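One structure is given here, and the rest of the page talks about it.
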């Protein structure tokens, strides 16, 4: 009961201030007639019901905002950070969002496909909010560039926080130990198992490096383990199924399936025990919902709706969607997993990453302007937010949700969706061949 006393007092305090303001405004000559118009025709019971409903809603907001409040944090600061959880754009400059800072401070995050694009932007955001990250991809050069950018941002954030005499959320490890680079060749036998083991061990080594100068253990330094897994790697060859040589098409399909689908499945399967263990430890210690571990699966609307020339890629994403939808349902209905682990599935549309520009946009030049393409940084921010909030699914940009509905309805709505996709890709030469391609075929 004590947990709700303080929120109740805060609710009454806010309600009292608002009520006083409303009363003064209702009695002021310049605004009195507006209140008379609003309340005309309403009975006292209806007015009382509206007031009770508003108070209940306000109290619910306060309870949610304060449920995970740090004891050292003021009530107003807790409320402010909760409302900041709805920020639609990523933090500007080296200042973390206060709400997600509380969730991510000290977390150990493994991100696949982090050498560029969304993966790199995710790594930057997690580091900004106090997490330590293990980043992996095929390109070691790209990973080193990501690591350099993360360390630079971390130092800038720490300097800005120090200047404001705020709490240093990055103190558990050195800047150099905060970002671990791991080469990951998705699709190779045993690569996923090795990756998870290397990440877990690397986080432990970084924790040892965080000991004090006299050898004393820094109790804030994390132990070996894993708190958040972000599956983001993918390859996406573009081709027309009717014109591509059969042997090459089969080869590409096998490679894409092994990298995109099998890679996700293998890494997730080997990470599960570590995620469950860390989630159990935190939840049982603090009884806080957001202390659950997270699996964040970056997928695509191409796995739900047909897109031109994406045969193998779309098929792999469809497999990912179903596999992890089933895993999420099993987690939700398993008493030994649900309290300690959440799974968020992200369905992305057109995102202006380097791979998108070199593949889809290069083949269909008008697509970026017509398909409501979102920036990589905004996309990464929405992925991070929704994973921290434990949301079931994310569709981004939000406008593509309508396309999924139309295709799912079938019939005329589905034909409307196909027409829109053709238009977005430039009409002729989208699903079918262009005149130039037909000439080459003949």
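Nothing in this text is a laboratory measurement; each read-out follows from the coordinates by a stated rule. Since the structure is predicted, the reported quantities are computational estimates derived from the model, not experimental observations. Glycine gets a Cβ as well: all are built from the backbone with ideal geometry, and neighbour counts include every protein chain shown.
By the Cα gyration tensor, the stretch 262-386 has an equivalent ellipsoid whose semi-axes, rounded to whole angstrom, run 33, 16, 11 from largest to smallest. The distance separating the Cα centre of the stretch 122-146 from that of the stretch 352-384 comes to 20 Å. Each peptide among 159-165, 371-377 gets the average number of other Cβ atoms lying within 10 Å of its residues, and from highest to lowest they stand as 371-377, 159-165.
Placing a pseudo-label 7 Å from each Cα along the Cα-to-Cβ vector at residue 139 and residue 284 gives an inter-label distance of 4.4 nm. Treating r as the C-beta distance of residue 254 and residue 402 and R0 as 22 Å, the FRET efficiency rounds to 0.05. With each label modelled as a point 7 angstrom along the Cα→C-beta vector, the residue 352-residue 326 pair spans 3.9 nm.
Given their separation in residues at 0.36 nm each and the Cα-Cα distance between them, residue 148 and residue 277 gain 43.4 nm when the chain is fully extended. When you count the other C-beta atoms within 10 angstrom of each residue and take the mean per peptide, 428-440, 233-245, 142-154, 122-134 line up highest first as 122-134, 142-154, 233-245, 428-440.
Taking a ≥ b ≥ c as the square roots of the eigenvalues of the Cα gyration tensor, the stretch 328-376 is classed as prolate, since a/c reaches at least 1.5 and a/b is larger than b/c. Between residue 189 and residue 441, the FRET efficiency from the beta-carbon distance, with R0 = 56 Å, is close to 0.90.
Test of understanding: what is the full-extension gain from residue 391 to residue 92, defined as 0.36 nm times their sequence separation minus their Cα-Cα distance?
105.2 nm
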